[in-house]
Amino acid sequence: MSARHTYDAIVVGSGPNGLVAAITLARAGRSVLVLEAKETIGGGTRSRELTLPGFVHDVCSAIHPLGLGSPFMRTVPSEQYGLEWIHPPAPLAHVLDDGTAVLLERSIEDTSAALGPDAVAYSRLMTPLVACWNVIADAFLGPLRPVLALHPFVHARFGLHAIRSARGLAQSLFKGERARALFAGLSAHSMLPLEQPLTAGFGLMLAMAGHAIGWPMPRGGSQKIADALGAYLRSLGGEIVTGMQVKSLDTLPSTRAILCDVTPRQLLSIAGQRLPTGYQRQLQRYRYGPGVFKIDYALDGPTPWKAEVCLRAGTVHVGGTLAEIAAAERLVWRGEHPEKPFVLVAQQSLFDPTRAPEGKHTLWAYCHVPHGSTFDMTERIESQIERFAPGFRDRILARHMLNTVGLEQYNANYVGGDINGGVQDLWQFFTRPTMRFVPYATPAKGLYICSSSTPPGGGVHGMCGYFAAQAALRDGC
């Protein structure tokens, strides 16, 4: 790169948020350069052969309800750039010890029918919310802003439930263990104790997405999402340079705006003295959450679930009852490693034959662990899967493990293994990374943060990048 090159904006980091920020600016006619430290773009949406030749694994994110359903991603002509979505017959299965599983079906009616005494309660909860999915997604996948006042009754209906704890909502609305367990697993994606406020909101959003748009996966791996976004950006005139680690913003070409798809820790490292002391102190106080321990498997056949209906689902939640899941997540928050962790499983190769050689399969699994943990959770994860799928271990051909240290080495944004870019509790959900009227803008002129450490947080939705780019455009980029 020559020093005489000038760009309207430079984006540091090519995760989905960085690419979406660049696309938003390029659509507005701005010249944009994206710099990526790794040799491939994608951040949390990369895919690799981690175990054996021919087995394609998603290194981090695997199932993408918001990759298809976020307000911005719906505007991207991704199918023109090779992205094809696969919808399993059922988005989710939650396995239970009686040998059955609760399915989150695309249909609210079909889901409710399997919930016994809670069929009516579940339908009454979800039907009006799913009917307003687009309105709710537009409002809550972003920072606090005036749009929340446009549909007050819709937002109030959702918000009054969402602000509650998952455990409180499940126990007050549902009588049976099946509905309670299903909601607990959905809410545990928050990586918070299920007794904390706002955890119900995570469960509601994921259930709503399952009914409204499904939980799809990209054919060929999550890398296809990044590849499609990158190709679309290039078609708009944007440039991408890989293998270029930015250690200081002072080394960048001249530009009117810099948008950083990094967390507060990396921003402090690369921004140097551009940031006022007070703002630096605020970033230093930013809280990161629990990490994950992840295993990718090459299998000699499909996972032998006791409940064969699990073979209809792209995602399987392994954790038992509400009480058991809540206990596991509470232990993680306290810095302990549960004997029976809540395990999130994806079985992409059942629906995407490009993921494994003929007759073979992949399995993607992780559980939550304390921040920065180096404890090997392999045995505990496999015991949990074996509990609901006897004979699972016999089908393992190879495995690849990543603890929190390995995850952070793979992606510096995963500080301590935190894949959400920071705690997403009631305080830090809308005020991440600091309490500012425009959370994406820093006090340094022309410097913005566009990672999942900004609203609305983790997930492959691109909205952090979109709102950061909009802030830069309003400021004159």
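The values are calculated or read from the model by the stated rules, or taken from the named source; none is laboratory data. Bear in mind that the values here come from a model prediction, so they are computed numbers and not experimental data. A quick note on method: Cβ atoms are made from the backbone with ideal geometry, for glycine too, and the neighbour counts reach across all protein chains shown. Side chains included, ligands, DNA and RNA excluded: accessible areas come from the protein's heavy atoms. Shrake-Rupley method; radii C 1.70, N 1.55, O 1.52, S 1.80 Å.
Closer than 23 Å to Gly406 by Cα and assigned to a helix (DSSP H, G or I): does that describe Ile295? Before you say what the answer is, go through the steps one by one.
Working: closer than 23 Å to Gly406 by Cα: yes; assigned to a helix (DSSP H, G or I): no.
Against the criterion (closer than 23 Å to Gly406 by Cα and assigned to a helix (DSSP H, G or I)), Ile295 does not qualify.
Taking into account only those residues within region 458-477 that are free of Cβ contacts under 8 Å to residues at least 40 places away in the same chain and open to solvent by 10 Å² or more (accessible area, probe 1.4 Å), which is farthest from Phe202 (Cα to Cα)?
First, pick out the residues of region 458-477 that are free of Cβ contacts under 8 Å to residues at least 40 places away in the same chain: 458, 471, 474.
The next check asks that each one be open to solvent by 10 Å² or more (accessible area, probe 1.4 Å); those that pass are 458, 474.
Details: Gly458: 11, Arg474: 31 Å.
My answer is Arg474.
Here's a check for you: in region 255-287, which residue that is open to solvent by 40 Å² or more (accessible area, probe 1.4 Å) and part of a loop (DSSP other than H, G, I, E, B) is nearest to Asn403 (Cα to Cα)?
Out of the qualifying residues, it is Arg287.
Looking at region 423-442, which of its residues are charged (D, E, K, R) and either open to solvent by 10 Å² or more (accessible area, probe 1.4 Å) or farther than 23 Å from Val292 by Cα (or both)?
Of the residues in region 423-442, the ones charged (D, E, K, R) are 425, 432, 436.
Answer for region 423-442, where residues must be charged (D, E, K, R) and either open to solvent by 10 Å² or more (accessible area, probe 1.4 Å) or farther than 23 Å from Val292 by Cα (or both): Asp425, Arg436.
If you scan region 57-94, which residues turn out to be buried (at least 17 other Cβ atoms within 10 Å of the Cβ), assigned to a helix (DSSP H, G or I) and of a type outside the set (Gly, Ala, Ser)? Steps first, answer last, please.
Going through region 57-94, the residues buried (at least 17 other Cβ atoms within 10 Å of the Cβ) turn out to be 57-73, 76, 78, 81, 83, 85, 88, 90-94.
The next check asks that each one be assigned to a helix (DSSP H, G or I); those that pass are 65-69, 73, 78, 81.
Pro65, Leu66, Leu68, Met73, Tyr81 - these are the residues of region 57-94 that are buried (at least 17 other Cβ atoms within 10 Å of the Cβ), assigned to a helix (DSSP H, G or I) and of a type outside the set (Gly, Ala, Ser).
Within region 288-302, count every residue that is open to solvent by 10 Å² or more (accessible area, probe 1.4 Å) and over 25 Å from Gly42 (Cβ atoms).
Summing the residues that are open to solvent by 10 Å² or more (accessible area, probe 1.4 Å) and over 25 Å from Gly42 (Cβ atoms) in region 288-302 gives 2.
Can you name the residue in region 113-142 that is farther than 30 Å from Thr454 by Cβ and without any contact (Cβ under 8 Å) to a residue 12 or more places away in the chain and is also most open to solvent (accessible area, probe 1.4 Å) among such residues?
Arg124
With the structure loaded, tell me whether Gly314 is surrounded by fewer than 23 Cβ atoms within 10 Å (Cβ to Cβ) and not in a helix (DSSP H, G or I) or whether it fails that test.
Details: surrounded by fewer than 23 Cβ atoms within 10 Å (Cβ to Cβ): no; not in a helix (DSSP H, G or I): yes.
No.
Mind listing whichever residues of region 446-462 are aliphatic (A, V, I, L, M) and more than 16 Å from Arg256 (Cα to Cα)?
To start, the set of residues in region 446-462 that are aliphatic (A, V, I, L, M) comprises 447, 449, 460.
Once the filter is applied, which keeps residues that are aliphatic (A, V, I, L, M) and more than 16 Å from Arg256 (Cα to Cα), region 446-462 yields only Val460.
If you take the residues of region 384-421 that are assigned to a helix (DSSP H, G or I) and hydrophobic (A, V, I, L, M, F, W, C), which of them is farthest from Gly291 (Cα to Cα)?
Within region 384-421, the first condition is being assigned to a helix (DSSP H, G or I), and the residues that meet it are 384-388, 393-395, 404-410, 415-417.
Filter once more, keeping what is hydrophobic (A, V, I, L, M, F, W, C): 385, 388, 405, 407, 415.
On the way: Ile385: 20, Phe388: 24, Val405: 9, Leu407: 9, Val415: 8 Å.
Across region 384-421, the extreme among qualifying residues is Phe388.
Looking only at region 326-359, which residues are open to solvent by 50 Å² or more (accessible area, probe 1.4 Å) and under 21 Å from Gln171 (Cβ atoms)?
Arg330, Leu331, Trp333, Lys340
Scan region 420-445 and report the pairs whose first residue is within 19 Å of Ala257 (Cα to Cα) and whose second residue is open to solvent by 10 Å² or more (accessible area, probe 1.4 Å) and of a type in the set (A, V, I, L, M, F, W, C), with Cβ atoms within less than 6 Å and a gap of 6+ or a chain change.
Tyr440/Phe467
Got a number for residues in region 194-214 being open to solvent by 10 Å² or more (accessible area, probe 1.4 Å), under 21 Å from Glu329 (Cβ atoms), assigned to a loop (DSSP other than H, G, I, E, B) and not acidic (Asp, Glu)?
Total satisfying the criteria: 3.
Being open to solvent by 40 Å² or more (accessible area, probe 1.4 Å), β-branched (Val, Ile, Thr) and out of contact with any Asp or Glu (no Cβ under 7 Å at 6 or more places or on another chain) is the filter here, so list the residues in region 242-254 that pass it.
The answer is Thr251, and nothing else.
Yes or no: region 85-105 includes at least one residue that is under 30 Å from Arg234 (Cα atoms) and touching a helix residue (DSSP H, G or I) at 6+ places or on another chain (Cβ under 7 Å). If you could, list the steps in order and put the result at the bottom.
So in region 85-105, the residues under 30 Å from Arg234 (Cα atoms) come out as 85-87.
Then drop every residue that is not touching a helix residue (DSSP H, G or I) at 6+ places or on another chain (Cβ under 7 Å), which leaves 85.
There is at least one residue in region 85-105 that is under 30 Å from Arg234 (Cα atoms) and touching a helix residue (DSSP H, G or I) at 6+ places or on another chain (Cβ under 7 Å).
Applying the selection to region 1-52, what residues are open to solvent by 20 Å² or more (accessible area, probe 1.4 Å), of a type in the set (Ser, Thr, Tyr) and within 30 Å of Arg399 (Cβ to Cβ)?
Within region 1-52, Thr40, Ser47, Thr51 qualify.
Among the candidates Pro65, Pro71, Pro91, single out the residue that is in contact (Cβ under 8 Å) with a residue 60 or more places away in the chain and either touching an Asp or Glu at 6+ places or on another chain (Cβ under 6 Å) or aliphatic (A, V, I, L, M) (or both).
Details: Pro65 fails: either touching an Asp or Glu at 6+ places or on another chain (Cβ under 6 Å) or aliphatic (A, V, I, L, M) (or both); Pro91 fails: either touching an Asp or Glu at 6+ places or on another chain (Cβ under 6 Å) or aliphatic (A, V, I, L, M) (or both).
Result: Pro71 is the single residue among Pro65, Pro71, Pro91 that is in contact (Cβ under 8 Å) with a residue 60 or more places away in the chain and either touching an Asp or Glu at 6+ places or on another chain (Cβ under 6 Å) or aliphatic (A, V, I, L, M) (or both).
Determine whether Phe388 is aromatic (Phe, Trp, Tyr), closer than 20 Å to Ala188 by Cα and open to solvent by less than 10 Å² (accessible area, probe 1.4 Å). Full working, then the answer.
Numbers: aromatic (Phe, Trp, Tyr): yes; closer than 20 Å to Ala188 by Cα: yes; open to solvent by less than 10 Å² (accessible area, probe 1.4 Å): yes.
Answer is yes for this residue.
Provide a single number: the residues in region 234-249 that are farther than 21 Å from Gly476 by Cα and either among the hydrophobic types (A, V, I, L, M, F, W, C) or in a helix (DSSP H, G or I) (or both).
Residues flagged as farther than 21 Å from Gly476 by Cα and either among the hydrophobic types (A, V, I, L, M, F, W, C) or in a helix (DSSP H, G or I) (or both) within region 234-249 amount to 6.
Please enumerate the residues belonging to region 3-56 that are more than 30 Å from Gln347 (Cβ to Cβ) and without any contact (Cβ under 8 Å) to a residue 40 or more places away in the chain.
Hits for region 3-56 are Arg4, Gly29.
Restricting attention to region 443-457, which residues are surrounded by fewer than 24 Cβ atoms within 10 Å (Cβ to Cβ), of a type outside the set (Lys, Arg) and out of contact with any Pro (no Cβ under 6 Å at 6 or more places or on another chain)?
Matches in region 443-457: Ala444, Gly446, Leu447, Pro456, Gly457.
I'd like to verify a number: residues in region 339-383 that are closer than 22 Å to Pro89 by Cβ and in a loop (DSSP other than H, G, I, E, B), how many?
7
Residues Lys247, Lys224: which one is closer than 22 Å to Gly462 by Cβ and of a type in the set (Lys, Arg)? Even if it seems obvious, please write down each step before you answer.
On the way: Lys247 fails: closer than 22 Å to Gly462 by Cβ.
Among Lys247, Lys224, only Lys224 is closer than 22 Å to Gly462 by Cβ and of a type in the set (Lys, Arg).
Within region 143-161, restricting attention to residues that are open to solvent by 70 Å² or more (accessible area, probe 1.4 Å) and not in a helix (DSSP H, G or I), which residue is modelled with the lowest pLDDT?
Per the stated criteria, the residue is Leu150.
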